[in-house]
């Protein structure tokens with residue numbers, strides 16, 4: 001009979017059973033050993049219920065009873081950039097473009113608690129963005145973007161915690177305004193620039209007036225100082241003359257008069273052109289007496 005089946009004569013019925021058993025054992029081994037890649041986790045079910053989660057490496061399961069129901073990637077994922085409308089506390093309509101990065105950390109929660117992870121996270125982010133921007137004025141949204149991003153990230157993390165998801169990064173890529181609001185802001189910006197220019201010009205004029213006043217004050221002080229020095233010099237000279245008159249009487253007075261006359265004659269002689277100076281004989285006599293007096297004193 002074995003020959004009719006095309007089997008060699010040495011193959012008996014018992015051999016066929018042993019081969020079948022060996023093949024079955026090999027099949028069980030193949031079914032019971034699971035090699036999980038580093039970037040994935042396997043969710044194992046037993047009779048439709050969660051049994052375990054297999055991590056990277058070689059894992060053993062019960063063949064024909066345990067089944068790998070889900071293979072979940074644990075790599076970081078990025079949601080498609082989303083654009084949503086929001087209204088600030090000062091009633092300005094803005095369009096906010098966001099981007100979210102996340103990774104699955106507990107696949108058993110993700111598999112059995114949420115159906116569409118990406119859609120759920122996108123909806124959650126949109127609601128949180130609208131809520132947070134509604135608490136802020138437009139200027140705060142523009143200037144405190146980093147703080148707004150941190151608040152949104154923390155809120156999203158709290159919301160998706162039950163889904164076994166970790167939000168690694170949340171970004172606000174752009175905040176766009178409608179044309180009417182943009183035109184109003186541009187007009188306000190131009191008005192602010194004009195105001196600053198006017199203020200700077202006024203401050204410059206004020207500074208110029210202050211500097212001119214300081215210069216005039218300095219000039220007046222210097223002139224007063226010069227007059228005071230001149231007055232002190234004249235007073236000193238007068239005191240010297242008075243002292244000389246007190247000590248030497250009329251001769252000192254005649255000497256001073258002679259000096260003044262000499263200075264006047266010198267100035268007259270230094271004039272332009274040729275001049276003839278006529279000196280009275282009495283003046284010459286006075287000069288001689290005065291210089292004789294002081295020469296004799298020396």
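The values are calculated or read from the model by the stated rules, or taken from the named source; none is laboratory data. Here the structure is a predicted model, which means the values were calculated and not measured. Reconstructed Cβ throughout: ideal geometry from the backbone, glycine too, with neighbour counts over all protein chains shown.
For this structure, a couple of remarks:
- Scanning segment 129-166 for residues that are modelled with pLDDT under 90, surrounded by 13 or more Cβ atoms within 10 Å (Cβ to Cβ) and not in a helix (DSSP H, G or I) turns up 136, 137, 144, 160.
- The single condition among (1) in contact (Cβ under 8 Å) with a residue 24 or more places away in the chain; (2) within 32 Å of the chain's Cα centre (by Cα) that residue 112 does not meet is (2).
- Any hit, segment 183-192, residues being closer than 30 Å to residue 80 by Cα and touching a helix residue (DSSP H, G or I) at 6+ places or on another chain (Cβ under 9 Å): no
- Residue 95 vs. criteria surrounded by 13 or more Cβ atoms within 10 Å (Cβ to Cβ), assigned to a strand (DSSP E or B) and at pLDDT 90 or above: no
- Residue in segment 61-92 that is modelled with the lowest pLDDT, counting only those that are in contact with a helix residue (DSSP H, G or I) (Cβ under 7 Å, 6 or more places away or on another chain), under 19 Å from residue 125 (Cα atoms) and not in a strand (DSSP E or B): 88
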